[in-house]
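The next block holds one structure in the form of structure tokens; read it before the comments.
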Ligand code: S3P
């Protein structure tokens, strides 16, 4: 769907944002692994989370939805059934990777497939450690999906130092560790989102600058009711929209404020965004609060590089686009990983910024540009990537004449996004 977007006269009031996608996937999977009933409030309605839900149903897990509550009838780690058809992770890397950890420990065979975008994304990063644990997992010759996972009696515990900062790889190994004979350890040098270790109540030790996370194989998981906070990665688009559109004042309630996710707010503050975090509470192990934001006079001169990039990885498209509206420059380095997301996000962002009339330098691991006035509204490509569609959809609220192609892709993480920004 091509969406022609009109400039906005202001965004006011409150907006609801979907439940955090990362926490939603984990709440469903860990609920299914638990013995007993887990009640989840505020589960994300995003298509990616629906993919996890459908895969778990394919494994024989009963999941009911009543109003805003999702009820997972946990089967325990050994209670899943062999699926009758390949499991379909759709567009969702988190579904495919984390579920592979659980499926590697099963005593039946499974195949897990994805859509054309997911089928291009790298899976070697999980195949390698899972094989070290004794899993029978393979992909194509290029280590991409579909993934075939054959029955294993039990897995071996490993100590594994991540060679790239990835919460998905970390979580995959930890979930497989539930099926190992002993203690599995994952060591990360660069911190990444820690929802899995929080939800499973795992022991985390600091080793100098590194974190070591342990999981004991064979343990029982008790069901725990949980409330999913609003997705800060989704909130990022509304925060940016309210800050660049004149005459705006928005409040977003119950947004997740886990420290491994809030680096985006620090960069927004560096851009002189006027935002206020209020009413902070801790709900079931995940902090959350309200964010109030209003039209701001932005300044850029932003340099993102090194370790900080991993903590901002999903927010980079919106940060780059926001920076166009402030005076100064935007430089991103050390972000080659962005080329392996739902699209090659470096190339997608650079292409669209250039179409708007900016001079952009592209690097293998990032890009750089100076902001300028008089941008030209054009047809922009989303590459069927939800975060690219939303970032440039926000730009369209200020730059007349933008059409976003593949606008329906926002459903992957933020159904209702176009209404939320009044497009
Ligand atoms: C996620 C981890 C990140 C992030 C993705 C969700 C997760 O991916 O980009 O949107 O829920 O664990 P990587 O682990 O590949 O960095």
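The values are calculated or read from the model by the stated rules, or taken from the named source; none is laboratory data. Everything quoted here is computed from the prediction, not taken from an experiment. Ideal geometry is used to build each Cβ from the backbone, glycine not excepted, and the neighbour counts take in all protein chains shown.
Which residues, counting only those in the stretch 120-157, are part of a loop (DSSP other than H, G, I, E, B), out of contact with any strand residue (DSSP E or B) (no Cβ under 8 Å at 6 or more places or on another chain) and either crowded, with 21+ Cβ neighbours inside 10 Å or free of Cβ contacts under 8 Å to residues at least 24 places away in the same chain (or both)?
Kept after step one, since they are part of a loop (DSSP other than H, G, I, E, B), are these residues of the stretch 120-157: 121-123, 133-135, 139-146, 151-154, 156-157.
Pick out the ones that are also out of contact with any strand residue (DSSP E or B) (no Cβ under 8 Å at 6 or more places or on another chain) and you get 121-122, 140-144, 153.
Listed by number, the residues that qualify are 140, 141, 142, 143.
Answer yes or no as to whether residue 40 is in contact with a helix residue (DSSP H, G or I) (Cβ under 6 Å, 6 or more places away or on another chain), at pLDDT 95 or above and in a strand (DSSP E or B). So residue 40 fits the description; yes.
Of the listed requirements (1) free of Cβ contacts under 8 Å to residues at least 60 places away in the same chain; (2) not in a helix (DSSP H, G or I), residue 325 misses just one: (1).
Of the listed requirements (1) outside any loop (DSSP other than H, G, I, E, B); (2) in contact (Cβ under 8 Å) with a residue 24 or more places away in the chain; (3) touching a strand residue (DSSP E or B) at 6+ places or on another chain (Cβ under 7 Å), residue 205 misses just one: (2). Note on the stretch 191-202: residues that are within 12 Å of the ligand (Cβ to nearest atom) and in a helix (DSSP H, G or I) total 4.
Applying the selection to the stretch 56-100, what residues are in a helix (DSSP H, G or I) and within 15 Å of the ligand (Cβ to nearest atom)? Don't jump to the end; show me each part of the working.
Residues of the stretch 56-100 that are in a helix (DSSP H, G or I), as a first pass: 56-58, 93-100.
Answer for the stretch 56-100, where residues must be in a helix (DSSP H, G or I) and within 15 Å of the ligand (Cβ to nearest atom): 93, 94, 95, 96, 97, 98, 99, 100.
The residues listed here are 16, 24; of these, the one that is under 27 Å from residue 288 (Cα atoms), more than 16 Å from the ligand (Cβ to nearest atom), out of contact with any strand residue (DSSP E or B) (no Cβ under 7 Å at 6 or more places or on another chain) and touching a residue at least 40 places away in the same chain (Cβ under 8 Å) is 16. Of everything listed in (1) free of Cβ contacts under 8 Å to residues at least 40 places away in the same chain; (2) closer than 30 Å to residue 422 by Cβ; (3) over 25 Å from the mean Cα position of the chain (by Cα), the single unmet condition for residue 9 is (1).
Just to be sure, is residue 194 in the same structural domain as residue 120 (by TED's automatic domain parsing) and without any contact (Cβ under 8 Å) to a residue 12 or more places away in the chain? No.
Tell me the residue from 211, 269 that is surrounded by 15 or more Cβ atoms within 10 Å (Cβ to Cβ) and not in a loop (DSSP other than H, G, I, E, B), please.
Selected residue: 211, the only one of 211, 269 that is surrounded by 15 or more Cβ atoms within 10 Å (Cβ to Cβ) and not in a loop (DSSP other than H, G, I, E, B).
Taking the residues in the stretch 174-190 that are within 12 Å of the ligand (Cβ to nearest atom) and touching a residue at least 60 places away in the same chain (Cβ under 8 Å) as candidates, determine which candidate is surrounded by the most Cβ atoms within 10 Å (Cβ to Cβ). Only one residue fits best here, namely 175. Given the conditions (1) in a strand (DSSP E or B); (2) at pLDDT 95 or above, which single one is not true for residue 258? Residue 258 satisfies all of (1) in a strand (DSSP E or B); (2) at pLDDT 95 or above except (1). Within the stretch 101-114, the presence of at least one residue that is within 16 Å of the ligand (Cβ to nearest atom) and assigned to a helix (DSSP H, G or I) is confirmed. Tell me, which residue of the stretch 360-380 that is touching a strand residue (DSSP E or B) at 6+ places or on another chain (Cβ under 8 Å) and under 24 Å from residue 5 (Cβ atoms) is nearest to the ligand (Cβ to nearest atom)? If we take residues in the stretch 360-380 being touching a strand residue (DSSP E or B) at 6+ places or on another chain (Cβ under 8 Å) and under 24 Å from residue 5 (Cβ atoms), then 367 is nearest to the ligand (Cβ to nearest atom). Within the stretch 275-300, the set of residues being under 28 Å from residue 189 (Cα atoms) and either touching a helix residue (DSSP H, G or I) at 6+ places or on another chain (Cβ under 7 Å) or surrounded by fewer than 18 Cβ atoms within 10 Å (Cβ to Cβ) (or both) comprises 282, 283, 284, 285, 286, 287. Per the listing 224, 207, 253, the residue uniquely within 30 Å of residue 45 (Cβ to Cβ), away from the ligand (no atom under 16 Å from the Cβ) and modelled with pLDDT under 95 is 224.
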